[in-house]
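Please read the structure below before turning to the comments.
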Amino acid sequence: MVTGRASSSSSSSRPRFFRFLPPPSIPAYVLSLFLFSIIVFFFSQTQISEVSQKPFFSDDPPLLYLQDVEDQLWDSSFSHGLQPCVQPTRKYEAPQAWDRYLTVRSNGGLNQMRTGICDMVAVARIMNATLVIPQLDKKSFWQDTSTFSDIFDEQHFIATLQGDVRVVSQLPKELESAPRARKHFQSWSGVNYYVEMAQLWQDYQVLHVPKSDSRLANNNLPIDIQRLRCRALYQALIFSSPIESLGKRLIERLKSNGKYIALHLRYEKDMLSFTGCTYGLNDTEAEELRTMRENTNHWKLKDINSTEQRTGGYCPLTPKEMGIFLRALGYPPSTCIYVAAGDIYGGEKYLSDLKSHFPNLLFKDTLATKEELEKFASHATQTAALDYMISVESDVFVPSYTGNMARAVEGHRRFLGHRKTINPDRKGLVQLFDKIDKGDLHEGPMLSSLVTQMHKSRQGAPRKRYGSLPGLRGRDRLRTEESFYENPYPECICRSKGHGKRQ
Ligand SMILES: *[C@@H]1O[C@H](CO)[C@@H](O)[C@H](O)[C@H]1NC(C)=O
Ligand SMILES: *[C@@H]1O[C@H](CO)[C@@H](O)[C@H](O)[C@H]1NC(C)=O
Ligand SMILES: *[C@@H]1O[C@H](CO)[C@@H](O)[C@H](O)[C@H]1NC(C)=O
């Protein structure tokens, strides 16, 4: 410090400053020092109050600061230099017109089917087969009679994959009665497994696969197979034109209002019943959900302790909790939130808790006209497709729970440029919510700073796909790997040319 030497050489008890001042000016000096310190005091006060109000909007915040908060809330400036890369490598060969056929029945909801179909494209390529347009699950919880071409653009799918796999609309007539091999492929299998399966062609010309979900490994596949999965999902498998055009119209409507959050609110009756999460519900409702679980045969877990489930972070956040969470992150009450969801359990009873934090809630039926929604009304898969499109295009995507939809949207957003996806730390958050319930913590600056800190690194910034949890082997290891479609980095996302490092 500059003053170090001077003060050490000073032997006087009087401050060095004063020694050089003529005696008569000392009172004036003290006075000016006093005034100066008052000014400093006022400055520091305004700064403190700004800091303590951080993610909240005071009535008249300084302009610069407002801009800062805006950036933080909406910006995802992560994608610098990263872009989609799905081109095949040089050794990739054109497909042959194989006269053997893979028929597939895709199971699950919309996104389980979408990713399963893309895996089957890759499997057909590995096994040198022609893929017949998959049949869709009509029996699952979704109870939807939609066919492939109701949901997807079939011609576009076939044409886009021309350089990869031959895809046909139907099995050739003469093969309809041919003997078929029926094969449940093992989950998370690699290339060697499917090369082995290709021996089935020695005895059969048609191979039927009754389930398409998670049949292909997430990792350790050739780069050309991984990129084919991305081409299939992000370029070939687009929605049918009625869905695409309404989806785009709804997105335009949302964007004309400014920025919006897409909130994937998993608070449907079946979700709560399946997970056994009854926090915040009354006894009658809890009992209703328990009965539903008892009576649903394919849900194996019957006896669930709701409290333990919630504390472990295994429950979807409630509408009320999502409201508190998003406000604590700093989103102002005027924020536009599109609720991507099926029917919310309890309807208005529980939605009102979210609405009180964010009055600008939008739903499909407030955004679209009755006529526009008419033809989709009884098709859960098609309305889910609208939610999917709106979620991918949102400024910020927040899922209240994990699942195929949340994973697929997150992956797609990463692929398109690491658009902001906020993943709530459910386990950490319920601890804070419990403190609020007990009155030990309140909504405000303190909660805000805890929540913001907790979610600093949960906003969809670029990172490579997680591997399996440590200490596991075999199938368990594969099960715990992060899904390829949740994060197709590094295979399908690369550093662009001219942005520093080469690949
Ligand atoms: C598929 O065809 C290619 C080219 O003819 C061949 O090299 C490869 O071994 C075949 N794969 C299988 C699994 O039969
Ligand atoms: C529980 O909630 C349901 C649905 O809102 C309501 O009809 C019922 O009266 C409530 N029961 C109790 C015991 O509060
Ligand atoms: C559920 O778990 C909590 C915490 O472990 C425990 O206090 C409670 O008694 C359990 N409830 C039931 C019904 O077993």
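For this structure, a couple of remarks:
- Mean separation of Cα contacts under 8 Å (6+ apart) over length of the range 304-436, as relative contact order %: 31
- Scalar couplings 3J(HN,Hα) for the range 360-377, obtained by applying the Karplus form with A = 6.51, B = -1.76, C = 1.60 to θ = phi - 60°, are 8, 8, 10, 10, 3, 7, 9, 8, 10, 7, 4, 5, 4, 8, 3, 6, 9, 3 Hz; x denotes Gly and Pro.
- Here is the list for the range 147-188: GluC sites (Glu not before Pro) lying in DSSP coil, each with at most 15 other C-beta atoms within 10 angstrom of its C-beta, are Glu176.
- For the range 118-251, the relative contact order comes to 35 percent (Cα pairs under 8 Å, sequence separation of at least 6).
- Proximity of backbone amide H atoms, modeled 1.01 Å from N, is registered between His208 and Thr103, Ala181, Arg182, Lys183 at under 5 Å, excluding neighbours fewer than 5 places apart on the same chain.
- Residues Thr130, Thr284, Thr369 ordered from highest to lowest accessible area at a 1.4 Å probe: Thr284, Thr369, Thr130.
- Residue pairs, from the table Lys139/Lys300; Lys211/Lys375; Lys211/Lys364; Lys138/Lys248; Lys420/Lys456, whose Cα atoms sit over 23 Å apart: Lys211/Lys375; Lys211/Lys364; Lys138/Lys248
- Along each principal axis, taking the top coordinate minus the bottom one, the Cα set of the range 405-475 gives 45, 33, 21 Å in descending order.
- nm² value of the averaged projected area, convex hull over the Cα atoms of the range 242-495: 15.9
- Cα-based reach from Lys349 at 20 Å (exclusive), listing aspartates and glutamates while leaving out same-chain residues under 8 positions away: Glu268, Asp270, Asp283, Glu285, Glu287, Glu288, Glu321, Asp365, Asp437
- Residues with amide H under 5 Å from that of Val168, placed H, sequence gap 5 or more: Leu131, Val132, Ile133
- Solvent exposure of the range 242-495 amounts to 45 Å² per residue of accessible area, where only protein heavy atoms count and the probe is 1.4 Å.
- Heavy-atom accessible surface of the range 242-495: percent carbon and sulfur, 1.4 Å: 50
- Accessible area of the range 101-236 belonging to carbon and sulfur atoms, whole % at 1.4 Å probe: 45
- The Cβ shell under 15 Å around Gln155 holds other residues with a net charge of -3, Lys and Arg each +1, Asp and Glu each -1.
- Note that the range 101-236 shows a convex hull volume over its alpha carbon atoms of 107 Å³ per residue.
- Close amide-amide hydrogen proximity is noted between Thr421 and Phe397, Gly460, each under 5 Å apart and 5 or more residues distant or on a separate chain (H modeled in the peptide plane; Pro and chain starts excluded).
The values are calculated or read from the model by the stated rules, or taken from the named source; none is laboratory data. Keep in mind the model is a prediction, meaning the values are calculated, not measured. Neighbour counts run over all protein chains shown; Cβ positions are idealised from the backbone, glycine included. Only protein heavy atoms, including side chains, enter the accessible area calculation; ligands, DNA and RNA are left aside. Shrake-Rupley method; radii C 1.70, N 1.55, O 1.52, S 1.80 Å.
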